[in-house]
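What follows is calculated from the coordinates using simple rules that are stated; it is not laboratory data. Predicted, not measured: the structure shown is a model, and the values here were computed from it. A quick note on method: Cβ atoms are made from the backbone with ideal geometry, for glycine too, and the neighbour counts reach across all protein chains shown.
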Amino acid sequence: MSNIANAFKDGTAFIGFVTAGDPNKEKSIQYILDMAESGCDLIEIGIPFTDPLAEGPVIQQANLRALESNINTDDVFDILEEVRKKSDVPLVFLTYINPVLAYGYEKFFSKCNDLEIDGIIAPDLPFEEKDEIDEIAKNHGIDVISLIAPSSKERIQMIASDATGFIYVVSSLGVTGIRNEIETDLEVIIDEIRNVTDIPTAVGFGISTPEQARDISKVSDGVIVGSAIVKIIGDYGENASEPLKKYVKEMKDACR
Amino acid sequence: MTKVKICGLKSEEDIEIINKHKPDYVGFVFAESPRRIDFNKAKSLKLILDKNILSVGVFVNENMENIIKLFDEGIIEIAQLHGNEDIDYIKKLKEKTNNNLLIIKAIEIKENINNFNEYDDVIDYLLLDSGKGSGNTFNWRLIKNIKKPLFLAGGLNSDNIKEAINQIKPFAVDISSGVETNGYKDNDKIKKIIEVEKLSRGRYGKYGGQYAPETLMNELIDLEEQYEHYKNDPEFIKELDELLKEYAGRPSLLYYAERMTKDLGGAKVYFKREDLNHTGSHKINNVLLQALLAKKMGKTRLIAETGAGQHGVATATAAALLGMECEVFMGEEDTVRQALNVYRMELLGAKVHTVTNGTKTLKDAVNDTFREWADRFYDTHYIVGSAMGPHPYPMIVRDAQTVISKEMKEQILEKEGKLPNAVIACVGGGSNAMGSFYHFLDDEDIKLIGCEGGGKGADTPLNAATMSIGKIGILHGMKSIFCQEEYGQISSVYSISAGLDYPGVGPEHANLREIGRAEYYSITDDEAVNAFEYLSKMEGIIPAIESAHAVAHAIKLAPTMDKDEIIVVCLSGRGDKDVASIAKYKGVDLNE
C-alpha cells in the first residue's frame, strides 16, 4: 500500500495545504509538523511560485510571503527533510510545473523519492499534458494526481480511469479561496468517477468550516483545505502554531 | 488538428476497431496488394462503418467506370490515385461524378522530385509516399511548396507520428502497416495513434501545448471546435471580411518611406500601416475575429488583458460594436503610463480592472484574466491579445493576423514586382510579427526579423529580451521561452514599451527561432525612442513605441543592404498613446 492510500484508510481523510516557506523556513517546518500532529492525514506542500494562476488572493499572498523570504525549491526540500526527521505523514507536492521543469524533472522526482513524497498535483498540467512528467514520476514511484472540475463533464471518465494516488475533485469554478457555499453537485461527479475506478477522491476549493467538511465527508473520501489554513498563517505570522493546531483538530473531528 | 487516415481495411473486425477509435478517413485498397478487397467486400464494410468516417478508395490505373460505380453506390467518397493517371483522366473522373468525388493524387517521393503542384488544378488533396505503400519513411526535407492539403504517408507509426505532425504539419497522416501486427490491424496501435495525434495539438516543435487548469479544458476544446467550424463557414467569413473592410479599414496601406530610404542610403524601406486601422493598431484584426466568434458561440461578455492598452481598446471597441459587455485587466503600472487608454476603454463602455498583483504589468494582467475566466466562462469569452496562451489561442490569433502578410505580399508584388528581402516586426507576445511573417515562411530567402524590448540593455537586469536571455518554461498555458530565475520563478521584466513588457513570447516564435527560420534582436529603450523621433520627423508618422523597436532595427539594417533590396516593416500601431511617456523619458514636462 502506498503512503497515500494510508491517508484514506481510517475514515474520511483530512488533507491540509500549506505553502512551503510561509512565512519562513523555520516556522514552515513547525507548522507542517503541527498540522500532522493535530490530525492531517495527508499534507499538500505548495512550492512558492510567482504566477500561481489557479490560486485566489489568500494563497497568492502566501506565495509572495515565501518568495519574500527567498525560499527556493532546494529550501523546500530542506524543510521537508526536517519534517521527515520527526513525521512520516503522507506528503504530496502542489506545484505549478515551471519550478519543477527548471529544477529538472529527473532531479526533482529523485529527491521526492528520497524524502518519501508520494505524489505531485500540478494545476497547470491537465490530462492532455500529463506526458510531461508521467513517466519520470512513475519511475521514481511518485503518483501524478489528477484533478477533476465541475466543468469536466465527459472528461471525467477519461481522467479517472488513468488516475493514480487519489483524485482531486475541484468543488467550484474559479480559483482557490474560502467560499460560503459549494454549489456543485459533487455526488454526480463522484458517482461517475466510481464507475471507472476505486481510488480515493478528495474534494477541495472553498472548504473552510467544520459544517462544510462534515457535508463533504458524506460523499467523498477526503476533504482538502488550503486557503483557510494559509489564512491563519497569514493572520498570525510567526505565532500561528496554536490557532493552526486548534483549527486542524476541529476540521479532522468534523471529518470523522 | 491533423486528420488521421487508416488505410488497408479488409475485415469486419477491422471496421469494429475503426468505429471505436474514429479516425477521419479509412482506405479500401482496390489495387494489387495483400490488403486488396473487391467491390462486394467494400460494400459490406461500408455498411457497418461509422457514418462520420469518410472512405477512400485506393487505385492504381483503375478502369474509370469501376471507380464511378463505387462512388455512385456510396461506398467511397474519395478516390486516391497511385498510378499513371494523368490530368485528363482525373478531369474526366471529376466530370462524370459532377465534381462530387474528391481526388487524392498520390506521388512517390524520389530524390529528384521538385514539382508537387502538377495536378493542383484538378485534385483536392495531395498524398506523398515513399512507394506504393512500401511502409518506409522518406526524406521529409524534400517536401516543399505544397499548395494542396497534404496526406503524409509512408512508414508512419506511433513513434514517429508526433515528429511528422510537428515537422510537416500535414493536413492528414496516412497509416497502414504502422498500425498492424502480423498483417492485421491492431486495436492498441490504432488507439495509440489517435492519442498521439490529440497530444500533438497546438505544438510548434516542442513549444506550445495546452497547460491550462482542468476547469478551463472543456472551454478550450470547445473554442477550438467552434473556431474550426466557423473559420470554414462562408457566412462567418463574409461577416468578418465585411467588418475588417468596412469597420477596421482594411486593407491597410503599404507605404514607401522614400525620405527615410534616401536618408539611410541602402535598401528600400516600406511600412505596413497597421497603425491606420481603426483603434490604431493591428490588435483589431484579432479582436474582431474573436469577438464575432464569441458572439456565435452565444457568449455575451468579453474579457481581455492589456499591456499598452491597445488590445484593451480594441476589445472594448468590438464589444461596443457587437453590443457585448467588456471588462479589461491592466497592470497598475501600465494604467499609469497609458492613462489615456484607460479613459478610452471606459469611454467605450468597458470596465477596467487595475491589477495590483506581482509585477503590476502585463504578466499579472494575464494571470488575473485567466482567473476571472475560470470563474465565469459560461457567458464569457477571454480574448487573448497575442499569439500566446494555451492552444488554440496561438493558432487563432496568428490566423487572424496573417491578413498582414497576405496583404503585404500582394501589395509589394504590385509595387515592386518582387518579394522583400527582409520583414521586420516587434515582438512582445508576437502577434503582429506572426501575422507579418506567416505568408513568407516558405520563402526561405526572405529574412524574418523580430525585435523585442531590450530595455536598458540585454546585459542589464532591466530588459524584456526574452529570446536573448530566456529559457524554456511553462506559463500562461504554453511551453515557450521565458525570462526566469534559476529556480523557475518568472522574472520581472522591463521595457519602456508596455506592450513589449512581457517575460515570455508566443510558442510559434520560440520554434521559428529554434529551427532558424526567424531571427530575434533586442532593441534598447534609447534606440526605440530615437526611432520614434526619427520616423516622426522623417516621414511624419508617429509610431507606437512598440513598433518603434522594429523601426530601430530597420534603421540599422537598411544601410547594410543594396539599393535594389527591400525591407518591409510592420508598423503595428500609432504613437499618440506614447507621446506623454516619451516626453517624460526625454525630461519634457507637458504640464508646465
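Pairing the Cα long axis of helix B:545-557 with the longest principal axis of chain B, what angle in degrees results, from 0 to 90 and rounded to the nearest 10?
Value to nearest ten degrees: 80.
What translational D, rounded to a whole number of µm²/s, comes out for the range A:1-104 from Stokes-Einstein when the hydrodynamic radius is the Kirkwood one over Cα pairs, at 25 °C and 0.890 mPa s?
175
Taking 1 over the mean of 1/r across every pair of different Cα atoms in the range B:3-146, what Kirkwood radius in Å do you get?
Value: 15.7 Å, from the Cα pair sum.
By its C-alpha gyration tensor, with a ≥ b ≥ c as the square roots of the eigenvalues, how is chain A shaped: rounded for a/c under 1.5, else prolate for a/b larger than b/c, else oblate?
Rounded shape, in that the Cα axes give a/c under 1.5.
Please identify the GluC sites (Glu not before Pro) of the range B:367-446 that satisfy two criteria: DSSP loop assignment and at most 11 other Cβ atoms within 10 Å. Which are they?
Loop-located and lightly packed - B:Glu444.
Counting only residues 5 or more places away or on other chains, whose amide H sits under 5 Å from the amide H of B:Ala172 once H atoms are built in the peptide plane?
B:Lys3, B:Leu150, B:Phe151, B:Leu152
Helix B:403-416 versus the longest principal axis of chain B: what is the Cα-based angle in degrees, 0 to 90, to the nearest 10?
Helix B:403-416 sits at roughly 80 degrees to that axis.
Averaged over A:114-123, how many beta carbons belonging to a partner chain fall within 10 Å of each residue's beta carbon?
1
I need the Debye-formula profile for the range A:38-98: one equal scatterer per C-alpha, no solvent, reported as log10 I(q)/I(0) at q = 0.16 1/Å, two decimals.
So the normalised log intensities work out to -0.56.
Under the rule of at least 5 residues apart or a separate chain, name every residue whose amide H is placed under 5 Å from the amide H of B:Lys447.
B:Ala422, B:Val423
Using 26 Å as the Cα-Cα cut-off, could you pick out the over-long pairs in B:Lys283/B:Lys563; B:Lys69/B:Lys91; B:Lys272/B:Lys299?
The pairs that break the limit, which is 26 Å between Cα atoms, are B:Lys283/B:Lys563; B:Lys272/B:Lys299.
Could you tell me the extents of the range B:369-427's C-alpha atoms along the three principal axes, largest first, rounded to whole Å?
Ordered largest first, the range B:369-427 gives principal extents of 52, 20, 14 Å.
Taking neighbour counts of Cβ atoms within 10 Å as a proxy for exposure, in what order, fewest first, do A:Asp22, A:Asp51 appear?
Final ranking by Cβ density, sparse to dense: A:Asp51, A:Asp22.
From zero outward in steps of 10 Å, how is the percent of C-alpha pairs of the range A:164-256 spread across the bins?
Answer for the range A:164-256: a P(r) of 16, 45, 30, 8, 1 percent.
Net charge near A:Lys245: determine it from the other residues with C-beta under 12 Å of the C-beta of A:Lys245, scoring Lys and Arg +1 and Asp and Glu -1.
Combined, the nearby Lys, Arg, Asp and Glu give -1.
Please go through the range B:58-122 and write out the trypsin sites (Lys or Arg not before Pro) that DSSP classes as loop and that have at most 12 other C-beta atoms within 10 Å.
Filter output for the range B:58-122: B:Lys110.
Considering only DSSP beta bridges where both residues belong to chain B, give the percentage that are antiparallel (nearest 5).
About 20 percent, rounded to the nearest 5.
Roughly how large, in nm² to one decimal, is the mean projection of the convex hull of the alpha-carbon atoms in the range B:338-453?
About 9.7 nm², averaged over all directions.
Quick query: amide H of A:Val203 versus all other amide H atoms, modeled in the peptide plane; which residues come in under 5 Å with a sequence gap of 5 or more or a different chain?
Close amide H contacts, sequence-distant or interchain: A:Val169, A:Gly222, A:Val223, A:Ile224.
Nearest 10 degrees is fine. How inclined is helix B:39-48 to the longest principal axis of chain B, computing both from alpha carbons?
50
What per residue convex hull volume, in Å³, do the alpha-carbon atoms of chain B yield?
Looking at chain B, the number lands at 164 Å³ per residue.
Just how far, in whole angstrom, is the range B:362-406 from the range A:193-237 if you go by their alpha carbon centroids?
32
Could you work out the percent of alpha carbon pairs in the protein assembly as shown separated by over 46 Å, rounded to a whole number?
Tail fraction, whole percent: 31.
Roughly what % of DSSP beta bridges within the protein assembly as shown run antiparallel, to the nearest 5?
Roughly 15 percent of the beta bridges in the protein assembly as shown run antiparallel, per DSSP.
Given only helices, namely DSSP H runs of n ≥ 4 each adding -39500 (n - 2.57), what is the per-residue ellipticity at 222 nm of the protein assembly as shown, to the nearest 500 deg cm²/dmol?
-12000 deg cm²/dmol
Give the residue list of trypsin sites (Lys or Arg not before Pro) in the range A:1-63 that are DSSP loop and have at most 16 other beta-carbon atoms within 10 angstrom.
Answer by residue number: A:Lys9.
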